[in-house]
Amino acid sequence: MQVSVETTSGVERCLTIRIPKESIQPEIQKRLNSLARESKINGFRQGKIPMRVIEQRYGLKVREELFHELVETSLAKAVAQEQIRPVGESLFKLMSDIKTLENGLSYKATFEVYPTITTVHLDKLTVEKPVVNITEKDVDALLERLREQRKTWHEVDHSAITGDRLIIDFIGTINGKSFKNNTFKKIPIILGQNDFILQGFEEKLLGRKKGENCEFDLTFPKEHSNLEIAGHTIHFVVQISKIEESQLPEINENFIKSFGVANGLVETLRVEARHNMERELNYVTTRTVKQQILDSLLKENPLDEIPMSLVKEETERLVKNQSPEYQRDVAFFEKEAIRRIKVGILASELMRKYKITVKPEKVRQMIEKIAMAYEDSKAVIQEYFADKERLKEVEAIVLEDELVEWLLTKAKITEKPMDFYSAVT
């Protein structure tokens with residue numbers, strides 16, 4: 001077998017593989033002889049069938065089968081011989097006559113490969129680690145948020161002001177014409193949150209009264225996700241059916257018990273609130289540091305070319321996991337896919353070079369942590385260890401965490417004092 005390699009780009013290779021007829025013809029003859037002994041054809045005794053008949057009936061099939069076998073085995077040998085790491089499917093170009101293979105087998109296989117990385121630079125990695133001291137004022141703010149979660153609404157007669165909740169019906173038209181989903185009934189809207197449809201909608205309702213109708217125009221941006229109204233001016237007709245104001249609950253025994261604090265004491269609620277804040281802070285800090293160290297790794301080791309087949313596959317996976325309204329923004333997900341693929345390639349090289357491996361005890365610890373959320377945690381643990389795919393997913397997460405810990409030992413870490421809510425938002 002003769003093999004030649006052509007580098008068509010930084011991440012693409014073209015293999016030309018030639019197998020001489022001297023290596024093929026004996027195998028063809030061997031298979032035809034075997035068929036001549038074993039075949040049963042009307043008009044001939046078994047084992048006495050003329051070779052020309054065997055050739056006519058089975059010759060092409062034998063050559064096609066041998067062709068596919070030779071391509072599979074020769075390509076695998078050539079890839080191993082040339083120490084190439086293919087990515088995705090190969091594009092084949094046949095240069096031989098499959099019907100005869102009289103002159104041997106010649107073909108080209110073009111495919112993407114992982115980029116060659118000679119050195120991964122680690123000497124300039126930097127991380128800015130958030131440092132937070134949770135104060136009593138932070139706990140006070142959390143308790144106020146808990147009160148906000150349990151606030152009640154009561155109908156009022158005054159004109160609408162910021163903070164009020166309005167129940168409205170509205171219709172939108174473009175140049176007097178309706179469009180899909182342009183009519184809504186009994187929609188709640190809290191004035192001042194600026195999260196309803198479009199900036200400016202809520203302001204048009206300030207000072208309005210119950211039972212009042214109002215009309216106004218708003219122009220939607222050209223990049224709006226709804227293509228039917230993107231860039232158009234919508235004429236809205238709004239009817240206000242109810243105006244309500246909120247009332248916050250007192251922090252009393254009943255309120256405290258509603259959050260699972262059995263003794264109903266505010267001191268206990270504050271302790272548990274602080275513990276929850278510490279857990280959230282630890283999670284966010286870990287995630288932030290991880291993001292920074294991986295971004296720093298990519299910054300110090302930019303990869304100009306990566307296999308686009310991997311990018312396509314990762315982009316499709318990211319889009320598939322989104323709700324329909326976000327699936328249109330393929331460019332955004334492709335950008336994230338490129339980043340993930342680049343980080344993954346660098347990570348794989350570091351793991352290979354520095355022999356960073358999965359520690360079984362950490363895999364078990366993570367599975368046990370996941371299982372804690374279920375009533376029958378033992379059964380969940382058993383399921384994970386019995387399912388190779390699920391176990392592989394956990395191992396990948398643990399391995400990435402191991403890499404991040406290792407990278408942090410190489411990085412320059414500076415501390416950045418922050419308040420709690422700035423750190424977790």
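Readers should treat all values here as calculations from the given coordinates under stated rules, not as data from a laboratory. Bear in mind the structure is a predicted one, so any value in this text is a computation, not a measurement. Ideal geometry is used to build each Cβ from the backbone, glycine not excepted, and the neighbour counts take in all protein chains shown.
Side notes on the structure shown:
- Listed residue pairs exceeding 24 Å between alpha carbons, taken from Lys369/Lys392; Lys290/Lys335; Lys320/Lys378; Lys320/Lys369; Lys177/Lys209; Lys290/Lys355: Lys320/Lys378; Lys320/Lys369; Lys177/Lys209
- Top of Val139, Val53, Val237 by mean-square fluctuation, Gaussian network on the chain, Cα under 10 Å: Val53
- Under 5 Å between amide hydrogens, built in the peptide plane, is the criterion, and for Glu12 it picks out Val113 among residues at least 5 positions away or on other chains.
- Alpha-carbon centroid distance for the pair the stretch 360-408 / the stretch 6-77, whole angstrom: 48 Å
- The stretch 84-217: C-alpha gyration tensor shape, a/c 1.5 cut-off, then a/b vs b/c: oblate
- Stokes-Einstein D for the stretch 152-247, Kirkwood Rh over Cα pairs, 4 °C, 1.567 mPa s (µm²/s): 93 µm²/s
- For the chain, size of Cβ-based charge dipole, Lys and Arg +1, Asp and Glu -1, in debye: 2220 debye
- Charged neighbours of Asn301, selected by a Cβ distance under 12 Å, balance to -2 (K, R count +1; D, E count -1).
- Euclidean distance between Cα centres, the stretch 88-128 to the stretch 279-335, Å: 25 Å
- Among Ser225, Ser34, Ser296, the largest mean-square fluctuation in a Gaussian network model of the chain (Cα springs under 10 Å) belongs to Ser34.
- Sequence ranges 347-357, 285-295, ranked by mean other-Cβ count within 10 angstrom, highest first: 285-295, 347-357
- Convex hull projection area averaged over all views, the stretch 270-358, Cα basis, nm²: 8.9 nm²
- All-pairs Cα distance distribution in the stretch 255-424, expressed in whole percent, bin size 5 Å: 1, 7, 11, 12, 15, 17, 15, 11, 6, 3, 2, 0, 0
- Highest average packing first - 64-74, 387-397, Cβ atoms within 10 Å: 64-74, 387-397
- From its DSSP helices (H runs of at least four residues, each -39,500 (n - 2.57)), the chain gives a residue-normalised ellipticity at 222 nm of -15000 deg cm²/dmol.
- With 20 Å bins beginning at zero, the pair-distance distribution over Cα atoms of the chain amounts to 15, 32, 31, 15, 6, 0 %.
- Surrounding net charge for Phe236, when Lys and Arg each add one and Asp and Glu each subtract one, Cβ distance under 10 Å: -1
- The stretch 225-327 shape via C-alpha gyration tensor axes, a/c threshold 1.5: oblate
- Sites Lys108 and Ser309 - FRET efficiency at Förster radius 22 Å, r taken between beta-carbons, to 0.05: 0.80
- All-pairs alpha carbon distance profile, the stretch 1-105, 10 Å steps from 0, percent: 13, 39, 25, 15, 7, 2, 0
- Cα convex hull of the stretch 371-420 - mean projected area over all directions, nm²: 5.8 nm²
- Unit charges at the beta carbon, dipole of the chain: most positive-side option, Gly59, Gly231, Ser74: Gly59
- Length, then width, then depth: along the principal axes, the Cα atoms of the stretch 323-425 run 42, 39, 35 Å.
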